[in-house]
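Trainee: I have a structure I would like to understand better, so I am pasting it below and will then ask my questions one at a time.
The values are calculated or read from the model by the stated rules, or taken from the named source; none is laboratory data. Being a predicted model, the structure only gives us computed values, none of them experimental. Virtual Cβ from ideal backbone geometry, glycine too; neighbours counted across all protein chains shown. In case anyone asks, the SASA skips ligands and DNA or RNA and just uses the protein heavy atoms, side chains included. Shrake-Rupley method; radii C 1.70, N 1.55, O 1.52, S 1.80 Å.
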Amino acid sequence: MDYLQAIILAIIEGLTEYLPVSSTGHMIIASSFFGIASDDFTKLFTIVIQLGAILSVIVLYFKRFFQSVDFYLKLLVAFIPAVVLGLLLSDFIDSLLENPITVAVSLIIGGIILLRVDKWFGDSENTEISYKDALKIGFFQCLAMIPGVSRSGASIVGGMSQKLSRKAAAEFSFFLAVPTMFGATAKKSYDYYKAGFELSSEQINLLIVGNVVAFVVAMLAINSFIGYLSKHGFKMFGYYRIIAGVAVILIHYFIHPLIVI
């Protein structure tokens, strides 16, 4: 991986982490196009730069993270399903991380769902999340273990299915991203350390650059997304996902094989 590739991947992470379009899916497609998807450092990089995106949420919603103990308990309840299923399905998830076709199919299916989600659930004015709601949102989030599904999209739809407003569902999804992404980063980093993987000084610099870029871009993306979602809903994202998924399939089979084994 060179610096240009690192910056491009970090921009993709920052733009897509909190949008319902799948950041992991987009980074798999981009890294496959670059021919570096199967590289161990690339896999670590795409996980670790999530820390930059995490920090953007903490900075933007700093006061909300100190509102009450109840807030943290609900995040913990929502986080538990990802911990359990993530540990149980770790090897299976890793086997999917180099396959853009899995991403493409997930993008299309998720796009179709997003085209219908506003009609299914509407936009209520409810902003109160119960512990039962939090647990259900946590299970919805687990769908994003399939590359291309979108962690934010799954958890936002999960929130709306519990009669939350679009904005409340989106913000809870942002908050839930902090323990989820931090946990995934910590586990993946530990796995690499345990396997004896050592970072060179250049790779450390790439991780620093990636996190800085992801942080700045995610800050901009979150502010724009909340405003757009409150006014217009999910349709644009649904159409984008379908177009992107079809494009990946066409490119893979007719122009350039994206899968790198």
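Trainee: Condition first: buried (at least 20 other Cβ atoms within 10 Å of the Cβ) and of a type outside the set (A, V, I, L, M, F, W, C). Now tell me which residues in the range 166-200 satisfy that.
Mentor: If the condition is that a residue be buried (at least 20 other Cβ atoms within 10 Å of the Cβ) and of a type outside the set (A, V, I, L, M, F, W, C), then 166, 171, 173, 180 are the ones that fit.
Trainee: Run down 213, 209, 246 and say which single residue is part of a helix (DSSP H, G or I), farther than 27 Å from residue 106 by Cβ, in contact (Cβ under 8 Å) with a residue 12 or more places away in the chain and out of contact with any Leu (no Cβ under 8 Å at 6 or more places or on another chain).
Mentor: Values: 213 fails: farther than 27 Å from residue 106 by Cβ; 246 fails: farther than 27 Å from residue 106 by Cβ.
Step by step, each of 213, 209, 246 is checked, and only 209 is part of a helix (DSSP H, G or I), farther than 27 Å from residue 106 by Cβ, in contact (Cβ under 8 Å) with a residue 12 or more places away in the chain and out of contact with any Leu (no Cβ under 8 Å at 6 or more places or on another chain).
Trainee: Sort out which residues of the range 201-240 are open to solvent by less than 90 Å² (accessible area, probe 1.4 Å), of a type in the set (S, T, N, Q) and modelled with pLDDT under 90, and write them in order of number.
Mentor: 224, 230
Trainee: A follow-up question, please. Please identify the pairs in which a residue from the range 219-241 that is touching a residue at least 40 places away in the same chain (Cβ under 8 Å) has its Cβ atom under 7 Å from the Cβ atom of a residue that is outside any helix (DSSP H, G or I) and open to solvent by less than 10 Å² (accessible area, probe 1.4 Å), counting only partners at least 6 apart or on another chain.
Mentor: 221/18; 222/18; 225/18; 234/20; 237/20; 237/21; 240/21; 241/21
Trainee: Same structure, new question: Test residue 108 against the stated conditions and say whether it is touching a Gly at 6+ places or on another chain (Cβ under 8 Å), farther than 23 Å from residue 198 by Cα, at pLDDT 85 or above and open to solvent by 20 Å² or more (accessible area, probe 1.4 Å).
Mentor: Details: touching a Gly at 6+ places or on another chain (Cβ under 8 Å): yes; farther than 23 Å from residue 198 by Cα: yes; at pLDDT 85 or above: yes; open to solvent by 20 Å² or more (accessible area, probe 1.4 Å): yes.
Considered against the rule, which asks whether it is touching a Gly at 6+ places or on another chain (Cβ under 8 Å), farther than 23 Å from residue 198 by Cα, at pLDDT 85 or above and open to solvent by 20 Å² or more (accessible area, probe 1.4 Å), residue 108 comes out as yes.
Trainee: Residue by residue through the range 222-238, note down the ones that are in contact with a Leu (Cβ under 8 Å, 6 or more places away or on another chain), part of a helix (DSSP H, G or I) and hydrophobic (A, V, I, L, M, F, W, C).
Mentor: 222, 225, 237
Trainee: Looking only at residues that are in a helix (DSSP H, G or I) and either open to solvent by less than 10 Å² (accessible area, probe 1.4 Å) or in contact with a Cys (Cβ under 7 Å, 6 or more places away or on another chain) (or both) in the range 1-22, which one is farthest from residue 110 (Cα to Cα)? Walk me through it before giving the result.
Mentor: Let us first name the residues in the range 1-22 that are in a helix (DSSP H, G or I), namely 3-16.
Cutting the leftovers down to either open to solvent by less than 10 Å² (accessible area, probe 1.4 Å) or in contact with a Cys (Cβ under 7 Å, 6 or more places away or on another chain) (or both) gives us 6, 9-10, 13-14.
Details: 6: 27, 9: 22, 10: 23, 13: 18, 14: 20 Å.
So the residue we want is 6.
Trainee: Residues to consider are 130, 155; find the one that is at pLDDT 90 or above, open to solvent by less than 70 Å² (accessible area, probe 1.4 Å) and out of contact with any helix residue (DSSP H, G or I) (no Cβ under 7 Å at 6 or more places or on another chain). Working first, answer last.
Mentor: On the way: 155 fails: out of contact with any helix residue (DSSP H, G or I) (no Cβ under 7 Å at 6 or more places or on another chain).
Step by step, each of 130, 155 is checked, and only 130 is at pLDDT 90 or above, open to solvent by less than 70 Å² (accessible area, probe 1.4 Å) and out of contact with any helix residue (DSSP H, G or I) (no Cβ under 7 Å at 6 or more places or on another chain).
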